[in-house]
Amino acid sequence: AQSVAQPEDQVNVAEGNPLTVKCTYSVSGNPYLFWYVQYPNRGLQFLLKYITGDNLVKGSYGFEAEFNKSQTSFHLKKPSALVSDSALYFCAVRDTTSGTYKYIFGTGTRLKVLA
Amino acid sequence: NAGVTQTPKFQVLKTGQSMTLQCAQDMNHEYMSWYRQDPGMGLRLIHYSVGAGITDQGEVPNGYNVSRSTTEDFPLRLLSAAPSQTSVYFCASSYSGRRQETQYFGPGTRLLVL
């Protein structure tokens with residue numbers, strides 16, 4: 001069965017510092033991996049995805065993520081955090097060899113960027 | 001494009017009542033899905049569809065029905081509401097091709113079951 005783990009409920013970082021939001025996954029086949037962001041009382045917005053190809057994926061608002069197959073991780077990173085990055089971040093996975101279109105989301109990590 | 005729209009934005013139901021949450025998209029996406037979001041649980045997939053006439057169950061399908069008669073619409077039906085169905089519901093849609101596979105989410109429906 002596929003699963004996603006976001007081990008940190010909350011990450012605090014000072015403005016201007018680099019940030020990392022962690023995600024590990026478990027699938028039996030080849031994964032598609034996604035990061036979404038949710039601002040208060042809003043739906044989720046797409047940030048970036050790994051489908052195939054380069055392990056380093058660049059996305060919206062200066063975010064990037066690295067697909068690491070050996071460690072089954074897809075951590076979200078940004079070199080310099082902004083206060084406006086404060087939000088709830090979700091990692092998601094789909095097992096493309098399962099024959100289904102079931103996406104599994106992590107429980108979310110709240111990012112707080114302190115001025 | 002309006003994107004993904006959901007109605008109503010907020011609803012209060014009594015236990016045992018039924019209702020339909022509406023979801024529509026104008027992007028001609030094949031894939032549509034329904035999630036519920038609960039504190040500490042993330043998003044959990046309820047049902048999904050890969051095209052008109054095709055639906056399948058997600059992680060938490062019990063108590064919910066769906067149908068997909070058109071590409072644009074994917075309503076979610078609660079047959080007999082229970083307090084455990086109090087949640088925020090999100091609809092999403094996507095192309096299902098490799099490089100185009102990105103889910104677009106609606107603004108959500110907040111449901112309170114008393």
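The values are calculated or read from the model by the stated rules, or taken from the named source; none is laboratory data. As the structure is a prediction and not an experimental result, all values here were calculated from the model. All Cβ positions, glycine included, derive from the backbone under ideal geometry; neighbour counts span all protein chains shown. These accessible areas exclude ligands, DNA and RNA; they are computed on the full protein's heavy atoms, side chains included. Shrake-Rupley method; radii C 1.70, N 1.55, O 1.52, S 1.80 Å.
What to note about this one:
- Reported value for the protein assembly as shown: 121 Å³ per residue, from the convex hull of its C-alpha atoms.
- Excluding ligands, DNA and RNA, the accessible surface per residue across region B:1-53 is 45 Å² with a 1.4 Å probe.
- Whole-Hz couplings from phi, Karplus 6.51/-1.76/1.60, listed for region B:47-59; x for Gly and Pro: 8, 8, 9, 9, x, 4, x, 10, 9, 8, 7, x, 6
- Taking B:Met27, B:Met32, B:Met41 and ordering them by how much accessible surface each has at a 1.4 Å probe, largest first, produces B:Met41, B:Met27, B:Met32.
- Alpha-carbon Rg with Dmax, taken over region B:3-51, Å: 12.9, 36
- The simple spin-label model puts a point 7 Å past each Cα toward its Cβ; for B:Asn28 and A:Arg42 those points are separated by 2.8 nm.
- The modelled label-to-label distance for the pair A:Arg110/A:Ala5, using points 7 Å beyond Cα in the direction of Cβ, is 2.3 nm.
- Here chain A is treated with +1 on each Lys and Arg Cβ and -1 on each Asp and Glu Cβ, and its dipole about the Cα centre works out to around 180 debye.
- Coupling constants for region B:98-114 follow from the phi torsions by the Karplus curve (6.51 cos²θ - 1.76 cosθ + 1.60, θ = phi - 60°), and in residue order they are 4, 6, 9, 7, 8, 7, 10, 9, x, x, x, 10, 8, 10, 10, 10, 9 Hz; glycine and proline get x.
- Surface per residue (accessible, 1.4 Å probe) for chain A, Å²: 47 Å²
- 5 angstrom amide H check on B:Met19, placed H, neighbours 5+ away: B:Leu78
- In this structure, B:Met19 and B:Asn62 have a Cβ-Cβ separation that, at R0 = 25 Å, corresponds to a calculated FRET efficiency of about 0.90.
- Of the accessible area of chain A, computed with a 1.4 Å probe over protein heavy atoms only, carbon and sulfur atoms account for 47 percent.
- Converting phi to 3J(HN,Hα) with the Karplus coefficients 6.51, -1.76 and 1.60 and the offset θ = phi - 60°, region A:14-29 yields 7, 4, x, 7, x, 10, 9, 10, 8, 8, 10, 9, 9, 9, 8, x Hz in sequence order, with x at every glycine or proline.
- Counting Lys and Arg as +1 and Asp and Glu as -1 over every other residue whose Cβ lies under 15 Å from the Cβ of B:Cys91, the net charge comes to +3.
- The order of A:Lys69, A:Lys112 by accessible area, most exposed first and with a 1.4 Å probe, is A:Lys69, A:Lys112.
- Buried area at the B:A interface is about 2000 square angstrom, summed over both chains, from accessible surfaces computed with a 1.4 angstrom probe.
- Signed unit charges on C-beta, dipole axis of the protein assembly as shown, positive-most listed residue A:Tyr50, B:Gly16, A:Ala87: B:Gly16
- Where only alpha carbons of chain B are counted, the Rg and the Dmax (Å): 13.4, 43
- Partners for A:Lys22 among lysines (Cα-Cα distance below 27 Å; same-chain residues under 8 apart left out): A:Lys49, A:Lys58, A:Lys69, A:Lys77, A:Lys78, A:Lys102, A:Lys112
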